[in-house]
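Visitor: One structure coming up, written as structure tokens, with questions to follow.
The values are calculated or read from the model by the stated rules, or taken from the named source; none is laboratory data. What you see is a predicted model; the values in this text were computed from it and never measured. Note that we place each Cβ from the backbone using ideal geometry, even for glycine, and neighbour counts take in every protein chain shown. Please note that ligands, DNA and RNA were not included when accessible areas were found on the heavy atoms of the full protein model with its side chains. Shrake-Rupley method; radii C 1.70, N 1.55, O 1.52, S 1.80 Å.
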Amino acid sequence: MNPRIVIIGLVFPEPTSSAAGWRMLQLIEQLKQISSDIHFACAATKSESSFPLETLDVTEHTIVLNDVSFDDFIAELKPEIVLYDRFMIEEQFGWRVKKQFPDILTILDTEDLHFLRRARTSAFKNNASLDLDTTDCYRELSSIYRSDLSIVISKVEYDLLKDQFQIPEKQLLYLPFLEDEITEDQFKAFPSFKERKDLMFIGNFIHEPNYQTVLQLKKVWNRIKKRIPNIELHIYGAYPPQKVLQLNNEKEGFIIKGKAENVNEIMKNYRILAAPIPFGAGLKGKFIDGFKNGLPNVTTKIGAEGMVTETWGGLIAENEEDFVNEIVNLYSNEILWNELQKNGKRIINEQFSKVEWNGVLSNRIQELIKDLINHRADLFVQKIIWQNQLQATKYMSLWIEAKNNKLDK
């Protein structure tokens with residue numbers, strides 16, 4: 001078995017800029033277990049941080065949105081499996097692929113549930129209750145129903161789709177981050193409590209929850225600084241806009257560092273990962289990186305969502321005052337710090353071990369390939385939505401294409 005697989009990406013993966021980037025590389029690694037013929041197609045422009053996929057023997061292609069040229073591209077490529085990188089990409093290209101290859105196996109990588117993150121954003125900004133009855137919800141759920149299999153990174157989001165929205169379990173696959181286990185020798189080699197100092201935060205600033213988290217940190221920083229006078233907070237993240245850069249204040253010890261070129265080396269210098277995340281979805285890669293480098297955190301329930309079980313590799317704050325108190329407590333409490341560091345190691349080794357999760361995706365795909373007809377037989381909502389989708393999205397895309405062609409003349 002060596003099926004041709006095409007991944008249609010929102011962007012070319014940037015593993016040094018975001019967790020989404022190295023998550024995509026993890027998925028490619030898993031797909032390579034069943035195929036050596038993998039293609040990555042994307043309409044976005046590559047950046048200096050884009051990973052060279054050719055080093056993984058993945059063929060790169062540049063495609064165009066809302067353009068008939070994609071039809072010719074996919075017809076010539078003749079893939080047997082297509083993986084869409086987030087629901088917006090499935091909306092854009094799914095109907096075109098389906099038109100050419102109605103029996104192709106379709107997989108959606110949700111990354112996180114966008115409708116959940118956007119609803120939480122709205123609730124936070126408007127100081128309102130959470131409302132999931134939104135157009136974003138309908139769109140993303142429709143994409144999940146259309147796909148033969150949707151990869152979900154958070155168990156909380158898996159349960160939400162299964163229990164609240166009644167998505168059939170056979171259309172879902174829970175697959176968290178896949179990480180190398182932390183050995184005892186690696187753990188012992190981490191810098192100690194006394195060898196570390198200061199606080200840090202890290203996050204790609206294209207992702208709005210990271211910007212809002214920095215604003216939360218700025219809001220409480222003077223209270224922290226007053227109780228720990230010699231402390232500094234260093235903010236890392238790719239693509240910082242001017243509104244982030246202008247928050248820099250070296251005199252106050254609130255320092256914007258920009259992109260972290262080597263997150264593993266950087267994290268080993270700090271005592272706490274400070275992340276009062278006010279809203280978001282999915283799993284937060286920053287905490288995975290922190291645990292892998294022996295760095296405990298102070299965060300919120302939203303920050304720890306999908307990862308915390310009986311124990312957490314940090315402290316969870318309920319409000320601003322609680323966050324300040326927990327930072328001050330953890331910064332000076334070596335015994336507690338050591339205990340939380342061990343919890344972080346346990347979380348990586350028990351919840352995200354590559355040994356445990358390796359092969360789950362490839363095995364599921366092989367099962368679907370062997371019995372796709374039966375898999376789809378009772379997916380009546382999928383059939384209904386595809387019937388409507390081939391009309392609505394198709395004609396919207398064709399209208400944009402016609403408009404673009406008119407402008408070019």
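Visitor: Restricting the first residue to the range 303-315 and requiring it to be of a type in the set (Phe, Trp, Tyr), which pairs with a second residue that is at pLDDT 90 or above meet a Cβ separation below 9 Å and a spacing of at least six or different chains?
Guide: That search, which allows pairs on different chains as well, returns Trp312/Asn297; Trp312/Thr299; Trp312/Ala304; Trp312/Leu340; Trp312/Asn343; Trp312/Gly344; Trp312/Ile347.
Visitor: Within the range 341-361, which residues are closer than 30 Å to Lys225 by Cα and either open to solvent by less than 10 Å² (accessible area, probe 1.4 Å) or among the aromatic types (Phe, Trp, Tyr) (or both)?
Guide: Result: Gly344, single match.
Visitor: Quick one: which of Phe193, Phe187 is in a loop (DSSP other than H, G, I, E, B), over 22 Å from Ala281 (Cβ atoms), in contact with a helix residue (DSSP H, G or I) (Cβ under 9 Å, 6 or more places away or on another chain) and in contact (Cβ under 8 Å) with a residue 60 or more places away in the chain?
Guide: One residue alone meets the criteria, Phe193.
Visitor: Quick check on the range 110-132. Is at least one of its residues farther than 21 Å from Lys284 by Cβ and β-branched (Val, Ile, Thr)?
Guide: Taking every residue of the range 110-132 in turn, none turns out to be farther than 21 Å from Lys284 by Cβ and β-branched (Val, Ile, Thr).
Visitor: Same structure, new question: Within the range 249-266, can one find any residue that is among the charged types (D, E, K, R), touching a helix residue (DSSP H, G or I) at 6+ places or on another chain (Cβ under 6 Å) and either surrounded by 22 or more Cβ atoms within 10 Å (Cβ to Cβ) or assigned to a helix (DSSP H, G or I) (or both)?
Guide: no
Visitor: Go through the range 66-100 and give me each residue that's under 24 Å from Arg23 (Cα atoms) and surrounded by fewer than 19 Cβ atoms within 10 Å (Cβ to Cβ).
Guide: Selection gives Glu80, Met88.
Visitor: Considering each residue of the range 125-181, count those that are more than 30 Å from Leu215 (Cα to Cα), of a type in the set (Val, Ile, Thr) and free of Cβ contacts under 8 Å to residues at least 60 places away in the same chain, and give that number.
Guide: 2
Visitor: Evaluate the following for Leu116: is it under 20 Å from Tyr158 (Cβ atoms), among the aliphatic types (A, V, I, L, M) and not in a loop (DSSP other than H, G, I, E, B)?
Guide: Spelling it out, Leu116 is indeed under 20 Å from Tyr158 (Cβ atoms), among the aliphatic types (A, V, I, L, M) and not in a loop (DSSP other than H, G, I, E, B).
Visitor: Could you list all residues from the range 22-50 that are open to solvent by less than 20 Å² (accessible area, probe 1.4 Å) and touching a Ser or Thr at 6+ places or on another chain (Cβ under 8 Å)?
Guide: The answer is Gln30, Leu31, Ile34, Ile38, His39, Phe40, Ala41, Cys42.
Visitor: Okay, moving on. Hey, among the residues in the range 365-379 that are open to solvent by 30 Å² or more (accessible area, probe 1.4 Å) and not in a helix (DSSP H, G or I), which one's nearest to Tyr145 (Cα to Cα)?
Guide: My answer is Asp378.
Results for (1) open to solvent by less than 30 Å² (accessible area, probe 1.4 Å); (2) outside any helix (DSSP H, G or I); (3) of a type outside the set (Lys, Arg); (4) at pLDDT below 95, shown as yes or no for each residue.
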| position | (1), (2), (3), (4) |
| --- | --- |
| Leu273 | yes, yes, yes, no |
| Phe279 | yes, yes, yes, yes |
| Gly294 | yes, yes, yes, no |
| Thr311 | no, yes, yes, yes |
| Asn363 | no, no, yes, no |
| Val381 | no, no, yes, yes |
| Asn388 | no, no, yes, yes |
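Visitor: Return only the number of the condition from (1) more than 26 Å from the chain's Cα centre (by Cα); (2) open to solvent by less than 30 Å² (accessible area, probe 1.4 Å) that Phe201 does not satisfy.
Guide: With respect to (1) more than 26 Å from the chain's Cα centre (by Cα); (2) open to solvent by less than 30 Å² (accessible area, probe 1.4 Å), Phe201 is out only on (1).
Visitor: While we're looking at this one, here's another question. Which of (1) surrounded by fewer than 15 Cβ atoms within 10 Å (Cβ to Cβ); (2) over 26 Å from the mean Cα position of the chain (by Cα); (3) more than 25 Å from Leu105 (Cα to Cα) is the odd one out, the single condition Asn325 does not satisfy?
Guide: Result: Asn325 passes all but (1).
Visitor: Checking the conditions here, which among Ile8, Ile107 is crowded, with 22+ Cβ neighbours inside 10 Å and within 25 Å of Asn374 (Cβ to Cβ)?
Guide: Ile107
Visitor: While we're on this one: Among the residues of the range 89-112, write down those that are of a type in the set (A, V, I, L, M) and either touching a Leu at 6+ places or on another chain (Cβ under 7 Å) or within 15 Å of Ile365 (Cβ to Cβ) (or both).
Guide: If the condition is that a residue be of a type in the set (A, V, I, L, M) and either touching a Leu at 6+ places or on another chain (Cβ under 7 Å) or within 15 Å of Ile365 (Cβ to Cβ) (or both), then Ile89, Ile104, Leu105, Ile107, Leu108 are the ones that fit.
Visitor: Hey, another quick one. Quick test for you: out of Gln212, Gln216, pick the one residue that is touching a residue at least 24 places away in the same chain (Cβ under 8 Å) and touching an Asp or Glu at 6+ places or on another chain (Cβ under 9 Å).
Guide: Matching residue, one of Gln212, Gln216: Gln216.
Visitor: Shifting gears a bit: I'm trying to understand the selection: among the residues of the range 100-113, which are modelled with pLDDT of 95 or more, under 17 Å from Asp136 (Cβ atoms) and not aliphatic (A, V, I, L, M)?
Guide: Correct list: Thr110 only.
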